[in-house]
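Just so you know, all these numbers are worked out from the coordinates, no wet-lab data involved. Here the structure is a predicted model, which means the values were calculated and not measured. With ideal geometry, Cβ positions are generated from the backbone for all residues, glycine too; neighbour counts draw on all protein chains shown.
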């Protein structure tokens, strides 16, 4: 799918519901392994924590505004 | 659940396939209901409190803040429940059912993607909520955030673009949401009737004062209305997710050649039938 090469059905390898040729699948798997590092997870945790704090504040603001308008 | 080469499922096909998926995964539907109930009830009671406070709600920030965070913390369980259900839908189509408890396990990467995309969409929803007109446009994204979590690619950064890629067929998406909205209304009325009948039975059996029940179960009580809407939204949620999963698969099939594979399978099935 990624390289847009035509691959016959017998040769196509399905991963997460998407057909890939062998080199593309190896690349995808390689990326999956590389990205599951400690740094990637830490960055995700920091981003998510920040987003969580902001969303809580915005939800409070939106609720107050919504109640006021009702 | 197979479409011919070049064919796309219509609105009713999506609903039909969604119902079929849901009826094959009842245990996962139960898991979603159990996990999503606390967050839904907390959100309903928060909004009901805002309605009750009315103009005073602008001064009630300190009251709303801990409740808002409670909604978000409980929401993590909702996302987990949705991913369990979507995993069950995928397995209902492709593979054998897993052992009892392992069906509750969700890959950490999927959960990370699902949480991130859901938080982003929910944040946008809160920001545009004062407009009252725009929020319905983001409702599909709230479900798609979980639907695409498993297939958004190896990196969690792909989750948000994949969520909004689900809008590729806006007409079909709008039509199916219109029908689901009608279903939500019917579910709300049915749930109200069920609760009223239950209350009537309690009054008859235990000789309770009916006046209190009538006041509590009236549409003038914001707590009751909010909880009723939350309950009926939970009833319709598994179907909503199933429809979105079918919609996403139909879109992805066009780009991946998956529809060609289904078509071959259909041809082989026909051949086998004719040979038999």
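Each part reduced to its alpha carbon centroid, the range B:213-228 and the range B:189-212 end up 13 Å apart.
In the range B:34-160 the Cα-Cα distances spread across 5 Å bins starting at 0 as 2, 10, 16, 20, 19, 13, 9, 6, 4, 1, 0 percent of all pairs. Spin-label model, residue A:65 to residue B:190: label points 7 Å out along the Cα-to-beta-carbon direction sit 3.6 nm apart. By the Cα gyration tensor, the range B:24-64 has an equivalent ellipsoid whose semi-axes, rounded to whole angstrom, run 33, 8, 5 from largest to smallest. The ranking of B:20, B:237, B:274 by Cβ neighbour count inside 10 Å, starting from the fewest, reads B:274, B:20, B:237.
Applying 0.36 nm per residue to the separation of residue A:54 and residue A:7 and subtracting their alpha-carbon distance, the gain on full extension is 12.3 nm.
Using the Cβ-Cβ distance between residue B:179 and residue B:34 with R0 = 25 Å, the FRET efficiency computed as 1/(1 + (r/R0)^6) comes to roughly 0.40. Put in order of Cβ neighbour count within 10 Å, fewest first, the listed residues B:69, B:167 become B:167, B:69. With no solvent and one point on each alpha carbon, what is the Debye value of log10 I(q)/I(0) for chain B at q = 0.07, 0.10, 0.11, 0.15 Å⁻¹? At q = 0.07, 0.10, 0.11, 0.15 Å⁻¹ the computed log10 ratios are -0.31, -0.60, -0.71, -1.21.
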